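Written below as structure tokens is the structure these notes are about.
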Amino acid sequence: MATQRHEGRSRLRDYRESRGLTQQQVVDELARLAWLRDGQRVGVNADMVSKWERGYKHPSPLYRDLFCMLFRATAAELGLARAPEPATALESHALQVQDGDALCGAVTLLDELGDAGVLIQPHMFAIVKDELVNRRSMLKLLGVAPLAALVPGADPGSAPFVSPAPATTLVNVEQAEALALRYQQLYHSVDPASLIRPVAAHLHAVLQLLGTAPSEPLRTRLLDNYGQVALLAGRLAFFDLHDPMTARSYLNVAVEAAQEVHNGVLAAAALGHTSFLAAADKRYAAAASYLQGASRQATGAPLLQSWLSAVEAEIQTNAGALLPALTAVERAQTLLGQSRGEPTPAWFDFYDDARLAGFAGFTYLRAGRTDDAAAALGDAATRLPNDAVKQRSVILVDLATVQVRRREVDEAARLAVEAADALAQAGYATGTQRLVAFRSQLHPWKDHPGVRLLDERLAS
């Protein structure tokens, strides 16, 4: 008589086979995870895995958590869920709100991305799921809340998510290129914590397409696209989310992809951004080395060379080397004049006359040239595009500093409040740090109505 499928069977086998693992390999991975997580040695074997897969035995909470970590899935998705552990109503509500916000944000951004978003959709939802699984796993380890179902109200019997492996076609590549342009546009107005999800999903999708051995022309376009989006991810991670380690990983990927397709301008942009990371740690010699490497990559590209000189000016200014910084500003201005009529890559939307005026104003301000700073920063504020909310916030803070030096407290506070409102709209860690540092200059006027209003904005 044929053996009937046990009605309590889990979906562990489906997950294992979708990843090409044997039962013994699962044993080895569970043992490795237990040791890494808790320093604990476990006695699982292939026979136990077989019984769990067939539903004849149910894994203990320890192994259930290890399976969730191994397959990056919830107990419900693995068919291992039991009655939820007790949790306060407040904890349960907080998790449901967070999960709902993450999923709603994913859906909203997919709508923003239009038809081309179909390319990244499965990867994007997988990333959101991973984030939620990891957060819930961490909360459980900290004793804060149970590892419950991933999505409130989700069907625990739903099939495991397996991302398809699409063939590389011209349509796929064109979708990837259209999405990269859309990310650039959204960068100026979308919450960075939300935008990083489709950007990361995009990189996963392009890697999958590269794995299908496309023709050389399509491979070149995909690698170029991969480098562009990795550069944007690095900018998001560092400037917007204040995550320098993640930023460095993305920027390294951007350099490698750009160099593989001999795109010196893209490689130079990624190296130039890496110099900001080194300078943030006050490793100014390392920052200079990255800029030198970037300059070699950008030979014959005066616009990129101008931006690199502007970056050098900011880094030298922060290092207190004001004479070299002023020299770098002059060089950037000369190179920008030489770049007129030069084709500009679509991804290079973070530098122009207005941005250079902002760099110059910052250096003039630190050098004590207050009138020059006011003129340059005023020019930058006037000429910046309306959607350049993040850069405008930084310019406004520097203009507020000019007004403090002139003892114009009313105007200084007004500009700072305007900067705070801009940061609330777009979210920008670099601008927020600049604004918080500026607030200390207003301490002598802490009871001024404008300063109190600024404090309210900062508190919110």
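The numbers here are math on the coordinates, done by the rules we state, and not lab data. A quick note: this is a predicted structure, and the numbers were derived from the prediction, not measured. A quick note on method: Cβ atoms are made from the backbone with ideal geometry, for glycine too, and the neighbour counts reach across all protein chains shown.
Structural remarks
- Most positive-pole-ward Cα, A354, A332, A400, against dipole of segment 332-460 from beta carbon charges: A400
- Distance between the 7 Å Cα→Cβ label points at K51 and L323: 8.0 nm.
- Theoretical gain in end-to-end length, H262 to K282 [0.36 nm per residue, Cα-Cα removed]: 4.1 nm
- Sequence-distant aspartates and glutamates (8 or more away, or on other chains) whose Cα lies within less than 16 Å of K446: E408, D410, E411, D455, E456
- Gain on full extension, evaluated as 0.36 nm per residue between D421 and A346 minus their Cα-Cα distance, stands at 24.2 nm.
- Estimated FRET transfer efficiency when R0 is 22 angstrom, pair D353-E330 (beta carbons, to 0.05): 0.90
- Basic side chains Lys and Arg get +1 at the Cβ, acidic Asp and Glu get -1 at the Cβ, and with that the dipole of segment 12-71 about its Cα centre reaches some 100 debye.
- Ordered by the number of other Cβ atoms lying within 10 Å of each residue's own Cβ, fewest first, V265, V397, V118, V311 fall into the sequence V118, V265, V311, V397.
- Separation of the S249 and A437 label points, Cα + 7 Å toward Cβ, nm: 2.7
- For the pair R405 and S460, the difference between a 0.36 nm per residue extended length and the Cα-Cα distance amounts to 17.1 nm.
- Each of A285, L241, V253 was placed along the dipole of segment 219-308 (beta-carbon charges, centred on the mean Cα), and the one lying farthest toward the positive end is A285.
- This ranking places F239, F359 by how few other beta-carbon atoms lie within 10 Å of each, fewest first, which gives F239, F359.
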